[in-house]
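Visitor: First the structure, then my questions, so here it is.
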Amino acid sequence: MNNTFNLHIKNIDDTDKFAQNIAQIVSKTGGLICLYGDIGAGKTTFVKHLAKYLEIKEKVTSPSFVILNEYHSGKISLYHFDLYRLEREGLESILDELHEYTENDKALAIIEWAEFSSGDLPENRLEIEIKYVDENQRRFFIKAFGDKNIKILELIKEFYK
């Protein structure tokens, strides 16, 4: 069983459809999604689309300056982290909290700038690296860690057969 999947996103509608597919799955499973990519790659845009399909009522914004935005109005709770500006001590406390957020199926944690985690992420996670191709196009490189997330990835692949 392959635990990776690559997806060519041609436009914002493709991003929206991918987010809808992910939301359909994680609304039942919860979990952790770690996002990687340069500034402007589309990490926050993806989270906004995902939140829409999780039926989050609040306005979803980048947590760059607040580190964590919490949304509890949707099908499941969404914890949206940004590790870009964290120092080592803050990172350690966030990573401890992550285990609490991701241990049940009623919450989804998303980490932007997961590359700043120093590799101390929970074992069970879905990683999505977003590569900028041009103004409209992106490449999504998806990798699953842990049995639950390998099953989630297999379900994602089914949408693109």
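We did not get these values from a lab; they are worked out from the coordinates using the rules stated. Just so it is clear, the structure is predicted and the values come from calculations on it, not from any experiment. When we count neighbours, we look across all protein chains shown, and the Cβ atoms used for this are built from the backbone with ideal geometry, even at glycine.
Visitor: Obtain the nm distance between the two label points defined at D14 and E100 by a simple spin-label model: each point lies 7 Å from its Cα along the Cα-to-C-beta direction.
Guide: 4.0 nm
Visitor: Tell me, what HN-Hα J-couplings in whole Hz come from the Karplus equation 6.51 cos²θ - 1.76 cosθ + 1.60 at θ = phi - 60° for each residue of segment 105-122, using x for Gly and Pro?
Guide: Whole-Hz 3J(HN,Hα) from phi for segment 105-122: 8, 9, 9, 10, 9, 10, 10, 8, 6, 4, 5, 8, 7, 6, x, 8, 7, x.
Visitor: Arrange the peptides 147-154, 116-123 so that the one whose residues have, on average, the most other Cβ atoms within 10 Å appears first.
Guide: Numbers: 147-154: 17.1, 116-123: 13.1.
So the order, starting with the most tightly packed, is 147-154, 116-123.
Visitor: Once every DSSP H run of n ≥ 4 in the chain is given -39500 (n - 2.57) and the sum is divided by its residues, what mean residue ellipticity at 222 nm do you get, rounded to the nearest 500 deg cm²/dmol?
Guide: Numbers: 4 runs with 57 residues, N = 161.
Calculated mean residue ellipticity at 222 nm is -11500 deg cm²/dmol.
Visitor: Restrict the search to segment 1-48; then list the trypsin sites (Lys or Arg not before Pro) that DSSP places in a loop and that have at most 14 other Cβ atoms within 10 Å of their Cβ.
Guide: Values: sites: K10, K17, K28, K43, K48; in loops: K10.
Here the trypsin sites (Lys or Arg not before Pro) that fit, given the DSSP loop and packing criteria, are K10.
Visitor: What is the distance in Å between the Cα centres of segment 144-161 and segment 117-137?
Guide: Using only Cα atoms to place each centre, the spacing works out to 15 Å.
Visitor: GluC sites (Glu not before Pro) within segment 1-79: which are DSSP loop residues with at most 13 other Cβ atoms inside 10 Å? Don't skip to the answer; put the middle values down first.
Guide: Numbers: sites: E55, E58, E70; in loops: E55, E58.
Passing sites in segment 1-79 are E55, E58.
Visitor: While we're on this one: Based on the alpha-carbon gyration tensor of segment 4-159 and its eigenvalue square roots a ≥ b ≥ c, which shape applies: rounded if a/c is under 1.5, prolate if not and a/b is larger than b/c, or oblate? The partial results should precede the final answer.
Guide: On the way: a/c = 1.30, a/b = 1.18, b/c = 1.11.
It is rounded, given that a/c, with a ≥ b ≥ c, falls under 1.5.
Visitor: Follow-up question, since we're still on this one. Pop the C-beta distance of E55 and D147 into the FRET formula with R0 = 22 Å and round what comes out to the nearest 0.05. Show your work: numbers first, answer last.
Guide: Numbers: r = 27 Å, r/R0 = 1.25.
After rounding to 0.05, the efficiency reads 0.20.
Visitor: Would you pull out the residues with amide H under 5 Å of G74's amide H, same chain only if 5 or more places away, H placed 1.01 Å from N?
Guide: The list, which skips near neighbours in sequence, is K57.
Visitor: Calculate the dipole size of the chain relative to its Cα centre from +1 charges on Lys and Arg beta carbons and -1 charges on Asp and Glu beta carbons; express the result in debye to the nearest 20.
Guide: Numbers: 21 positive and 27 negative charges, 156 e Å.
That gives a dipole near 740 debye.
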